[in-house]
Amino acid sequence: MNAPTKASPLPHSTPDARKTARCVVILNKKSGTLSELWSDDFEQELLGALKANGWAPELHLTDGSDIDSIVERAIESRCDAIIAGGGDGTTTSIASQLRNTEIPLGILPCGTLNLAARDLGTPLDPLEAVKSLHPHRYRNIDVLEVNGQTCLCLTILGVYPELLHQAEEFHGRKWWIKFCKLSGQLATAYFRSPRFRIKIEKNSGETKDVSTRLLLIVPGEYEDEFGFIPRREGLSSGKCRLYVSKHQSRWSNLKMAFRFLTGHTKQDPDMLVESADSVEISVKGKSSAKVSLDGELLELKLPARFDLKRHELRVLVPQTDTLPPRP
C-alpha cells in the first residue's frame with residue numbers, strides 16, 4: 001500500500017450521512033481490564049455502540065498468539081479500520097503492522113496503564129472509548145523505531161526495566177496500585193543500582209556522554225501537567241525527547257518526584273532533556289541492555305538506534321463532548 005499522506009481529523013457526521021464502514025475488532029482476553037469485564041452483556045454493548053456509530057464490526061477474541069495473522073488478513077481485506085482492545089503491548093504490536101498503510105488504528109483501553117489511549121485523549125472506560133470512535137475521523141502520528149521495532153509511547157533504559165524484570169506482574173483496572181508499588185520499589189532500587197555511562201549520538205553529529213541510572217526516550221514530549229501519568233503532546237512533531245536523569249542524592253530524587261507529579265519536569269536542573277529525530281545510544285562496557293518498550297520488557301542490542309518516523313501511523317481520533325481532537 002502507499003504511504004499515507006498527512007491527515008487531519010475530519011468533522012464527525014451522522015451514521016445516516018455516510019456508508020457503513022467495516023472494522024475489525026481485536027480484543028486480547030489476557031489483558032487485565034478485559035479479563036475482568038468480559039461477559040455476553042459487555043460484548044453486546046460493545047458491538048451495539050460500534051454499529052450505532054456507523055461501523056460494521058467483525059470481532060476477534062484472542063489470547064494474543066494469533067494477533068499478527070488476524071491483522072494480516074484484515075489488511076488484505078482492505079477493512080476501514082482495526083480497533084485494538086488490550087494493553088499497550090497489544091496496541092503496539094498491531095500498530096507495527098499498520099505503519100505505512102491507510103488503515104487507521106482505533107484504541108480501546110483494556111490494559112493497566114493504557115499510555116497510548118491517554119495520549120490520544122481516549123476515555124479510559126472501554127465502553128465509553130468505543131462510543132468515541134467514528135469512521136473517517138483520523139490523523140497520522142509519528143512512531144519511534146527502536147532497532148527496527150515499533151514504539152508508540154515510551155522506551156526506558158536503566159533501573160526501571162531492571163526492576164520490572166524482578167517485579168511481580170500486575171494486571172487489572174486499578175492502575176494506581178501497580179504505579180504505587182513500582183514507585184516505592186523504584187525509589188529504593190534507584191540508589192542501589194549502579195550508574196552507567198551512555199553515549200548519545202544525534203544525526204546532526206552532536207555527541208554527549210552522560211552518567212545516569214535512568215533514560216526515557218519518547219516520540220513527542222510530555223505535557224507539563226499535574227498527575228501520576230503524564231500525557232504526550234507533539235504526536236506529529238517529527239521530534240523525540242530524551243529525558244536523562246542525573247540525580248545523585250536522595251534529596252534530588254525526592255525533588256524529581258515532586259516536579260514530576262506537579263508537571264515541572266522541564267524545570268528540573270538534574271534532568272537533561274534533549275530533542276532529536278534520530279539518535280544512537282551506547283552503554284560503556286555493554287553489548288545489550290534490558291529496556292521497557294511500551295511496557296514490554298526486552299533485551300536490546302547495543303548500540304541501539306532510535307529513529308523518529310513521521311506520520312507513519314494513522315489513528316482514529318476519539319470524539320468526546322469535553323475533549324476536541326488534538327492538532
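Read-outs: derived from the displayed coordinates by stated rules, not from any lab. Here the structure is a predicted model, which is why all the values come from computation and not from measurement. With ideal geometry, Cβ positions are generated from the backbone for all residues, glycine too; neighbour counts draw on all protein chains shown.
Quick look at the numbers
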read-out	value
Residues HIS247, HIS264, sorted so that the one with the fewest Cβ neighbours within 10 Å comes first	HIS264, HIS247
Cβ-derived FRET efficiency at R0 25 Å, GLN149 paired with LEU59, nearest 0.05	0.35
Per-residue Cβ neighbour rank within 10 angstrom, fewest leading, CYS110, CYS23	CYS23, CYS110
Label point distance in nm, LEU127-GLU43, each placed 7 Å from Cα along Cα→Cβ	1.6 nm
Calculated FRET value between GLU233 and THR207, using beta carbons and R₀ = 25 Å, to 0.05	0.35
Rg followed by Dmax, in Å, when region 218-313 is reduced to its Cα trace	14.7, 42
Whole-Hz ³J(HN,Hα) from phi, Karplus 6.51 cos²θ - 1.76 cosθ + 1.60, for region 304-316, glycine and proline x	9, 9, 10, 10, 7, 9, 6, 6, 8, 10, 9, 10, 6
Integer Hz, Karplus 6.51/-1.76/1.60 couplings in order for region 51-59, x for Gly and Pro	5, 5, 8, x, 9, 10, x, 10, 9
FRET efficiency estimate (nearest 0.05) - Cβ-Cβ, SER69 to ARG305, R0 45 angstrom	0.95
Which of VAL210, VAL24, VAL130 has the fewest Cβ neighbours within 10 Å, and the rest in rising order	VAL210, VAL24, VAL130
Given LYS199/LYS284; LYS239/LYS309; LYS266/LYS301; LYS255/LYS286, the pairs whose alpha carbons are separated by over 19 Å	LYS266/LYS301; LYS255/LYS286
